[in-house]
1. Can you list the aspartates and glutamates whose alpha carbon sits under 17 Å from that of Lys81, skipping same-chain ones fewer than 8 residues off?
2. Find which of Ala49, Ile18, Leu91 sits farthest along the positive direction of the dipole of region 3-156, computed with +1 on the beta-carbon of Lys and Arg, -1 on that of Asp and Glu, about the Cα centre.
3. Which length gain, in nm to one decimal place, applies between Asp52 and Ala23 when the Cα-Cα distance is subtracted from 0.36 nm times their residue separation?
4. Only Lys, Arg, Asp and Glu count, each charged at its Cβ (+1, +1, -1, -1), so figure out the dipole size of the chain about its Cα centre, rounded to 20 debye.
5. Cross-link partners among aspartates and glutamates for Lys147, C-alpha distance below 16 Å, same-chain residues fewer than 8 apart left out?
6. Which value in nm describes the separation of the simple spin-label points at Met1 and Glu66, placed 7 Å from the Cα toward the beta carbon?
7. Roughly how many nanometres apart are two label points built 7 Å out from the Cα toward the Cβ at Ile32 and Ala158?
8. Name the residues of region 8-30 whose amide N is less than 20 Å from a point 7 angstrom out from the Cα of Ala97 along the C-beta direction?
Amino acid sequence: MKTLIVPFSERYLAQTLIIEKQAQPNPWNEKIIRSCFGRRYMNFALTLANSDQLLGYVFSDHVAGEVSIMNICISPQYQRKGFAKQLLNHLVSHSQAINAETLWLEVRESNIAARALYNELDFNEIAVRKNYYPVISANQKKPINNKENAIVMSRDLAF
Ligand SMILES: CC(C)(COP(=O)(O)OP(=O)(O)OC[C@H]1O[C@@H](n2cnc3c(N)ncnc32)[C@H](O)[C@@H]1OP(=O)(O)O)[C@@H](O)C(=O)NCCC(=O)NCCS
């Protein structure tokens, strides 16, 4: 399957909203996505080559040499094919090209898939933020009265 990584733009918004609902326990809405458009953000879309079909995306922001990943997501039927790895490697190269020093992210303690991905890409666990994320009930998709820890991870971008 041939894919392409391009800067994220508004043309992918509708597909992003669908993928968010399918893949995320706490999906982003249009307002949140739009708040991540602008100069300080580095957002990329992964699409099928020769098509506008969106397979996944990564949103990050860049401030004073630090790049923070705010969202990375792959459409459920395209997971486990190496696409998140491609997007992250692209973000790493792009961040190095603009001389950023460190890549940061936060991940739910229970998110085994994402933590395995970040471990494979040489992120280190730096800290635990206790009771950071709301816990979403499986059937209602609503926060229940519980919180989940966030693991803070980083990767040095020095060559
Ligand atoms: C986490 C996520 C982005 C991974 O995307 P993906 O395209 O399936 O990941 P890749 O295929 O690039 O996987 C790369 C490696 O990560 C690890 N990994 C990915 N998914 C995994 C899973 N479900 N279980 C265990 N390890 C997993 C594996 O080491 C994998 O390498 P391998 O397939 O050769 O074993 C995807 O599951 C997703 O979109 N989840 C919902 C959104 C989310 O949780 N985002 C992260 C928020 S911090």
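Every number in this text was worked out from the coordinates using simple rules, so none of it is lab data. If you're wondering where the values come from, they're calculated on a predicted model, not measured in any experiment. Heads up, the Cβs are rebuilt from the backbone with ideal geometry, glycines too, and the neighbour counts pull from every protein chain shown.
1. Correct list for Lys81: Glu120.
2. Ile18
3. Extra length from Asp52 to Ala23 when fully extended: 8.5 nm.
4. The calculated dipole for the chain is roughly 480 debye.
5. List returned: Glu106, Glu109.
6. Reported label-point gap for Met1 and Glu66 is 3.5 nm.
7. Distance between the two pseudo-spin positions: 3.5 nm.
8. The answer is 8-10, whose backbone nitrogens lie closer than 20 Å to the label point.
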